[in-house]
Every structure is written in C-alpha cells, then in structure tokens.
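Report on the structure given below.
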Amino acid sequence: MKRMHIHIVADDLEASTAFYTALFGQGPTVSKPDYAKWRIDNPRVNLAVSATGSKSAGIEHVGIEVDTDEERAEIETRLRSSEVKMVDEADAHCCYAHSQKHWTADPQNVVWEIFQTEAAIEVYGDETGPEMATATCCG
C-alpha cells in the first residue's frame, strides 16, 4: 500500500508539532529534538516536520512511501519509461530511517521522493547523497 509523504521545514518545531498533533488527533510516531513524524492511516499520510534542512521554512519535498520492492519498482518503471530524470539513492540513511529511494523533480522543480523504509536508525542522517537530493533532508 502506498502512503503520501510530505516533509515541511519549520521555523518553530514545537509549535508545528502542537499544530499537527491537534490536526491529526494524535502525537507523532517519531519525535526527536529536531524532527517529528506522523505516520497515520486516516488520512493515510506520512508527514514529517523538522528543524533541519537546506531550505527555508515551508515544504521541503513531497513523496510516496511504499511498503514493497514491487511498489517502488512499479513507480520507478513508470517514471523512467516517461523519460523522467531520476536519481537512485540505495541504502539511504536519512530522517532517522534506513531506506531505499529514488529522487526526481517535477517541471516546476518540486522535489519528489519515492521510498521504502527498511528500519529506524538513531541519527537524522548522513552528509552524503545524490546531487538531486541536496534540497532534501539528507543533502
């Protein structure tokens, strides 16, 4: 099953955490000093808010979280067959998660992440990653 992903950079993480907790009616599923994430089923969304990032406050990137290799491959195949430029990021360590990712951008340069999370990790991320991902959490 797929889940919409949105990552927002916040000027005030505490205020944003309070707002989204009220909006969704539940606290974050991941809460760190610089990051909060709600992974909820109604509405089916993965919303991350962080106090880090290379952009000013606002939407960092959007994405689609998948549960299986097959779902990730299906989206990758569709995009590549449409000749959309993509950057692969295998074994990514970003946003307190180990994931398999593909990055792309729409015609307005909105960055999209297609990813499958494999495990939680104890650090926000590393300083590496593909060039296209520099506008995202780990860039």
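With unit charges on the beta carbon (Lys/Arg positive, Asp/Glu negative), name the residue among A15, N109, G25 whose Cα is farthest towards the positive pole of the charge dipole of the chain.
G25
What FRET efficiency comes out for A90 versus A15 if R0 is 30 angstrom and r is the Cβ-Cβ distance? Round to the nearest 0.05.
For A90 and A15, the calculated efficiency is 0.25.
Run through the stretch 48-102 and list the trypsin sites (Lys or Arg not before Pro) located in a DSSP loop whose Cβ has at most 10 other Cβ atoms within 10 Å.
Passing sites in the stretch 48-102 are K85.
Sort 104-110, 3-9 by the packing proxy (mean of other Cβ within 10 Å over each peptide's residues), most packed first.
In decreasing order of mean packing, 104-110, 3-9 become 3-9, 104-110.
To the nearest 500 deg cm²/dmol, what mean residue ellipticity at 222 nm is calculated for the chain from DSSP H runs of n ≥ 4 alone, each contributing -39,500 (n - 2.57), summed and divided by the residues?
Theoretical 222 nm ellipticity from helices: -5500 deg cm²/dmol.
Would you mind estimating how fast the stretch 4-80 diffuses translationally, via Stokes-Einstein at 25 °C and 0.890 mPa s with the Kirkwood radius over Cα pairs, in µm²/s?
Answer, rounded: 183 µm²/s.
Mind checking the log10 I(q)/I(0) for the chain at q = 0.12, 0.18, 0.19, 0.22 Å⁻¹? Debye, one equal scatterer per Cα, no solvent, two decimals.
-0.44, -1.03, -1.15, -1.51
Quick one: the Cα spread of the stretch 68-107 along its three principal axes, in angstroms, biggest first?
In descending order, the Cα extents are 31, 23, 12 Å.
Taking the Cα centre of the chain as origin, work out the dipole magnitude from +1 charges on Lys and Arg Cβ and -1 charges on Asp and Glu Cβ, in debye rounded to 20.
Here the chain has a charge dipole of around 400 debye.
Rule-based calculations on the coordinates, nothing more; no lab input. Since we're looking at a predicted model, the values are computed, not measured. Note that we place each Cβ from the backbone using ideal geometry, even for glycine, and neighbour counts take in every protein chain shown.
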